[in-house]
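Asks: Here it is, the structure, as structure tokens.
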Amino acid sequence: MAKIALIPGDGAGIEVAEQARRVLEKLAPQHQVVSFDYGAERYLKTGVGMPPGQIEVFREEFDAILFGAVGDARVKDNAHAREILLGLRFGLDLYVNFRPCRLLDDRLSPLKGKGKKEIDFVVFRENTEGMYNAIGGVFKKGTPDEVAVAEEINTRKGVKRIIDAAFAWAKKNGKKRVAMADKSNAIGAHELWVRTFREVAAGYPEIAAKHYYVDAIAMQLVVKPEDFEVIVTTNLFGDILTDLGAALTGGMGVAPSANLNPESTPLFEPVHGSAPDIAGKNLVNPCAMLLTTALMLRELGDEQPALRLEQAVEATVQAQKTTRDLGGTLGTREATDEVLLRLGNTDLR
């Protein structure tokens, strides 16, 4: 039995978290799910996003965290979102942001002549360094002499461990190609990425390793996505490339992610955000959260339940028993009902 922390958060996160709970109750009832009300409502009442010491509790007492989404216009600069989500990523040292980009149905491909066979890759995004460390600031704000500075941090340890993770995953899963994306032709510090990538690749002679500049790989993902199986890149570029990956596979409504460190408590979240424009209207696509739940189950060692859930979600998408963003007519709960129905059948078609 695993102990899972469920943090619905805000808006759409609350809706999809409830659907994930329903699926877990059917598919993996042996796991204990504990809910936490960390989000905008609590923050507006208390001024606290997450209580002191909570990260240590998650690290020591929980096997996984399943996260909905955070974001609320009532909170200035979304301060609570940074405190909760980034606090967990950095506090738990979750250095791998793992993003599968797999097309579930040929009709969802935006690329002419490219379907399920061609669009199936994963991205390993470095998750704790890069440009997302709030190092820098603004001087003489609001004046003609205003200066804004943001510094990018790349350490040997941080770069090596994400590249190691990408190659190890590729080998374990029978992949033959790993690509690395940086901007070393313009950013001198990225030479560390090039050198480290080549050093790690030398230990995997059976895997073809190729270095790209990030603009070139973005172009190639649109022109020839079948060339890619595993991509590893920086925090900022990973953020951008994974959104491109979501666009290639049907949108944010089908985009799952995992934040990982084998020595810490992993965190799993869909990447669609709190979607305030449609939150609370039974319109949010639950697929991203359900695919994220499958990632969590697989990480917990529940391979067969994870596979069954992925197959059930794919079957509903192919049958167009989905929400409107994927061409269906169902609401959030009704789309989940279709997944639950298929989880009870041996024939998922």
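Asks: Please identify the trypsin sites (Lys or Arg not before Pro) of the range 1-79 that satisfy two criteria: DSSP loop assignment and at most 16 other Cβ atoms within 10 Å. Which are they?
Replies: The qualifying sites are 74.
Asks: If you count the DSSP beta bridges with both ends in the chain, what percent of them are antiparallel, to the nearest 5?
Replies: That works out to approximately 40 percent antiparallel.
Asks: Determine, for 48, 33, 96, the number of other Cβ atoms within 10 Å of each Cβ, and report the residues in order from fewest to most.
Replies: Sorted ascending by nearby Cβ count, the order is 48, 33, 96.
Asks: Could you work out how far apart the two model spin labels at residue 106 and residue 216 are, taking each label as a point 7 Å from the Cα in the direction of the beta carbon, and quote it in nm?
Replies: It is 3.2 nm.
Asks: Could you grab the relative contact order for the range 168-322? Cα pairs under 8 Å, six or more apart, rounded to a whole percent.
Replies: Once divided by the residue count of the range 168-322, the mean separation gives 17 percent.
Asks: Run the dipole for the chain about the Cα centre, Lys and Arg Cβ at +1, Asp and Glu Cβ at -1, nothing else charged, and hand back the magnitude in debye, nearest 20.
Replies: 620
Asks: Run the dipole for the range 164-298 about the Cα centre, Lys and Arg Cβ at +1, Asp and Glu Cβ at -1, nothing else charged, and hand back the magnitude in debye, nearest 20.
Replies: That gives the range 164-298 a dipole magnitude of about 340 debye.
Asks: For each pair in 171/321; 114/175; 26/171; 112/210; 76/321, compute the distance between the two Cα atoms and list the pairs where it is over 30 Å. It would help to have the intermediate numbers written out before the result.
Replies: Details: 171/321 35 Å; 114/175 20 Å; 26/171 33 Å; 112/210 26 Å; 76/321 38 Å.
Beyond 30 Å: 171/321; 26/171; 76/321.
Asks: Can I ask one more? Pairs of alpha-carbon atoms within less than 8 angstrom and 6+ residues apart define the contacts here; what relative contact order does the chain have, in percent?
Replies: Averaging sequence separation for qualifying contacts and normalising by length gives 21 percent for the chain.
Asks: Taking the Cα centre of the chain as the origin and placing charges on Cβ (Lys, Arg +1; Asp, Glu -1), which of 138, 280, 109 is farthest toward the positive end of the dipole?
Replies: Working it through, the farthest residue towards the positive pole turns out to be 109.
Asks: Additional query: Rounded to the nearest 5, what % of DSSP beta bridges with both residues in the range 110-249 are antiparallel?
Replies: 25
Every read-out reported here was derived from the displayed coordinates using simple, explicitly stated rules and does not represent laboratory data. A quick note: this is a predicted structure, and the numbers were derived from the prediction, not measured. Positions of Cβ are backbone-derived with ideal geometry, glycine not excepted, and every protein chain shown enters the neighbour counts.
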